[in-house]
Amino acid sequence: MTAKGDANSSADIVKTSGNGDSSAAEPSLLVEDLVVDRGEVQVLNGVTFSAQSGHIMGVIGPNGAGKSTLFNTLTGLLPAREGRVLICGKSIQDSQGSVAFVPQRQNINWDLPMTVWDMVMLGRTRRIGWFRRPGRADREAVEDALNQVWMWDRRNSLISELSGGQQQRIFIARALAQGVDVLILDEAFRGVDFTSQEVMTLVLQEMRDAGKTILLASHNISYIRKLTDECLCLNRSVVACGPTAEVLVPDVMEELYRSVDIYRAYESEQN
Amino acid sequence: MDVISDVLVAPFQYGFMVRALIVSLLVGVMCPMLGAYVVTKGLGFMGDALSHAVLPGMVAAFLIGVNPFLGAIPMGIAVALLSGYLIKRAGVSADTSVGILFAGLFALGVVMLSFTRGLRVSLEDILLGQVLGVTTRDVVVTAVMAGAVLAVLYLLHKEFVFASFDPAGASVIGLPTQGLDYLLLALLAVVIVLAIQAVGIVLVLAMLITPAATSFLLVRNFPKAMFTGSFLGVISAVAGLYLSYHYNLPSGPSMALLATVIFAVVVAVKKAR
């Protein structure tokens, strides 16, 4: 089996994807022939896929597959050398504010004391506008977002005092307060306590039902299977992309991880 | 009553003490406000280096006979922006390239000082501060610049906090994080130049980071820490000025020492609990 052959078959899956309810709408996220370099290394090599609004898309692949690079490109943090990205029909620059990124923890300056309330209010920064202070609508949006992730009681706590899972919930609350169309989560479920996992799952499903698009990278295949509608299998280029149940099969796993063991391990874990 | 008026009021029958008090107050307020960012963003070395690097600008202004601010403020901003660029682009370690640049500029400044013979410029005053010697024009410039710095910090508060706490997140929602970083460095340069009058090049760090660091031990909220730091900064600066008047001590070191003592006391009390 060659990578090229598989890329072609994955393209077929893309064409036949859609859960029947997408009504041929314009995809909220369209990525075409994306090529991204990091220094001298070409990390993404002609990545093409699309995601519908009202869908949760899992992103899986081995370490170094380019998941974080893809996310950094979609959020405008890294420039693309070639290719095209459209978010709700607009370029990355024009769609700033409608995309939120739940980052990995190490990108945050934890020395800066920040309360939960202030942190979620950061999501309103763009709506509030330069030189202005939060108004009533902003405070209400923050309150709603905190209630949605079950963190209203902790609004006066410092973020640095929360558990990892609670911190992730606050990042999601910030995206809710921001009112995004596309939410990107990078390993957001890693090392997260059970309650937070449940709350995050609920919130992501609510966001999906409200028509948002969610991209979720995880190494936890059983979790991807449980939560996502579609799955993007990435290893420098797209190995497969389509409905999760059709994509998470031994053939694709073999191609993606050069091993079916990982897949079998998760399968047996589930049974 | 007599004691109070002798100790607290008497010094201000002299015009130079009134001017010194105003500058000390402004420096005491302004330094820790910006210091809160310096402490949390780990810019302490940058602040120290920057204060040394403005020396050639100051001396050049002396040499052509204009107000030292006219040399130091543009020089400070230029060097701050250049070093911000070096930090972002450094092929070598950022510490190293910034260190080399600033040590070299300081050396240049000291060499230039030897050409100012005959002018009333003392290296000691520049290094350790001489707030008792500020002119009315210095007071006006300090007040105007301090007002501008505080206005920018107030107006861009939420943007600065966002970019400092979560630079990537701020970038994603479209904040110009690089521009904000450069603006913060430019403000840092201005504040440092103003503070040099009070505490000198060598001791600027004491006003910039010590009260701010103390405030983070006392309160755990960023805006409150800015105000608490300013309060401690004003106490240090004004009390240092009184100490220097009544006991004939150098004013800059007195202020710096008080800020350090306050920090030490807070640490000790926190440990004891």
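The values are calculated or read from the model by the stated rules, or taken from the named source; none is laboratory data. What you see is a predicted model; the values in this text were computed from it and never measured. Every residue, glycine as well, gets a Cβ built from its backbone with ideal geometry; the counts of neighbours run over all protein chains shown. These accessible areas exclude ligands, DNA and RNA; they are computed on the full protein's heavy atoms, side chains included. Shrake-Rupley method; radii C 1.70, N 1.55, O 1.52, S 1.80 Å.
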Carbon-plus-sulfur fraction of the accessible area of the protein assembly as shown, 1.4 Å probe, in percent?
58 percent
Within the P(r) computed for region B:1-86, what percentage of the Cα pairs occupies the region above 15 Å?
72 percent
Report, please, the projected area of the protein assembly as shown averaged over directions, based on the convex hull of its C-alpha atoms, in nm².
30.6 nm²
The extension gain from B:Ala10 to B:Ser93, computed as 0.36 nm times the residue separation minus the Cα-Cα distance, is 24.6 nm
Rounded to the nearest 0.05, FRET efficiency between B:Asn248 and A:Arg139 (Cβ-Cβ, R0 51 Å) equals 0.40
Ranked order, B:Lys88, B:Lys158, A:Lys226 - accessible area, probe 1.4 Å, largest first:
A:Lys226, B:Lys88, B:Lys158
For region A:10-270, report the % of Cα-Cα distances exceeding 22 Å.
56 percent
Top of A:Glu40, A:Glu26, A:Glu246 by mean-square fluctuation, Gaussian network on chain A, Cα under 10 Å
A:Glu40
Over region B:124-273, consider all pairs of different Cα atoms and compute the Kirkwood hydrodynamic radius from their mean reciprocal separation; express it in Å, one decimal.
16.7 Å
Using only protein heavy atoms and a 1.4 Å probe, how much accessible area in total is buried between B and A, to the nearest 100 Å²?
2600 Å²
Taking 2.2 N^0.38 Å as the expected size of a compact globular protein, what ratio does the Cα radius of gyration of region B:53-97 give against it, to two decimals?
1.39
Put simply, what bits of region B:149-166 lose 10 Å² or more of accessible area when the other protein chains are there, versus the chain on its own (1.4 Å probe)?
B:Tyr154, B:Leu155, B:Leu156, B:Lys158, B:Glu159, B:Val161, B:Phe162, B:Ser164, B:Phe165, B:Asp166
In region A:95-109, which residues become less accessible by 50 Å² or more once every protein chain is in place, relative to the chain on its own, using a 1.4 Å probe?
A:Asn109
Find the accessible area per residue for region A:10-270; the probe is 1.4 Å, ligands and nucleic acids are left out, and the unit is Å².
43 Å²
Would you compute the Debye intensity of region B:158-200 from its alpha-carbon atoms alone, equal scatterers and no solvent, and pass along log10 I(q)/I(0) at q = 0.28, 0.29, 0.31 Å⁻¹ to two decimals?
-0.86, -0.90, -0.97
Could you check which residue among B:Gly57, B:Gly147, B:Gly109 shows the biggest mean-square fluctuation in a GNM of chain B with a 10 Å Cα cutoff?
B:Gly147
Cross-link reach list, aspartates and glutamates versus B:Lys270, counting only Cα pairs under 19 Å and skipping chain neighbours closer than eight places
A:Asp111, A:Glu161
Could you tell me which helices of chain B pass both thresholds, a Cα extent of 15 Å or more along their own axis and a mean Kyte-Doolittle hydropathy of at least 1.6, with helices taken as whole DSSP H runs?
B:15-40, B:94-113, B:136-155, B:177-208
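Leaving ligands, DNA and RNA out of it, rank A:Glu140, A:Glu255 by accessible area with a 1.4 Å probe, largest first.
Details: A:Glu140 85, A:Glu255 15 Å².
Sorted by accessible area, descending: A:Glu140, A:Glu255.
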In vacuo Debye sum over C-alpha of region B:107-165, base-10 log of normalised intensity I(q)/I(0) at q = 0.21, 0.27 Å⁻¹, listed in q order, is -0.88, -1.07
Put B:His246, A:His55, B:His157 in order of accessible area, largest first, 1.4 Å probe: what do you get?
B:His246, B:His157, A:His55
Cα centre as origin, Lys/Arg/Asp/Glu Cβ charges: chain A dipole, Debye:
880 debye
Report the equivalent ellipsoid semi-axes for region A:104-186 in whole Å, largest first, defined as the square roots of five times the eigenvalues of the gyration tensor built from alpha carbon atoms.
19, 14, 14
Accessible area per residue in Å² at 1.4 Å probe, computed on chain B:
43 Å²
Entries in A:Lys90/B:Lys224; A:Lys67/A:Lys90; A:Lys67/B:Lys224 that, when Cα-Cα distance is taken, lie over 29 Å:
A:Lys90/B:Lys224; A:Lys67/B:Lys224
Three principal axis lengths of chain B [C-alpha, angstrom, descending]:
62, 54, 33
